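What follows draws every value from the coordinates through simple rules; no lab data is involved. All values reported here derive from a predicted model rather than from experimental measurement. Cβ: placed from backbone, ideal geometry, glycine included. Neighbour counts: every protein chain shown.
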Amino acid sequence: MSNHIRSADYTWMILNQMPNFQRFFRGYLDILKSNLQQVSVMGNDGNERYRYYTCGQEHDRRNPAWKPFQHLMRYCEKERYDFYEAKDMIEEQIGRKLICECQLLNDDKEIRRRDLERTFGVDFGEPGIRDMEVL
């Protein structure tokens, strides 16, 4: 058995089957959870308000320390899938483009909403039942 990376077409053919994609994606999320830093945000009362995951780097392509998809690249090499095709398929399944893989474990709108609530005391009501949306 060869150790070469499979073609984009072969990667698509395999990962386009939902059970295969789900297995691949669950494995990838497990890798991210064990390799990314989890940050706790504390409220003024000293209690934890929420947690989120971060790669710990500024998301700027000029930042030489930022490696936006290093874990996906290694995982694809291990599984012998084409990185670019796998990334495209993930973005297609989640319905958005990713700048960094740490975004997969976070809801950016929810984090922004909670930061506004914590910083300015703004109450947006119950999640999913809001009169105002945070951009």
In nm, to one decimal, how far is the modelled label at residue 44 from the one at residue 93, with both set 7 Å along Cα→Cβ?
4.2 nm
Could you put 54, 11 in order, starting from the residue whose Cβ has the fewest other Cβ atoms within 10 Å?
54, 11
Kirkwood-based Rg over Rh for region 8-120 (C-alpha set), two decimals?
1.04
Simple spin-label estimate for residue 77/residue 51, 7 Å along Cα→Cβ, in nm, reads 2.9 nm
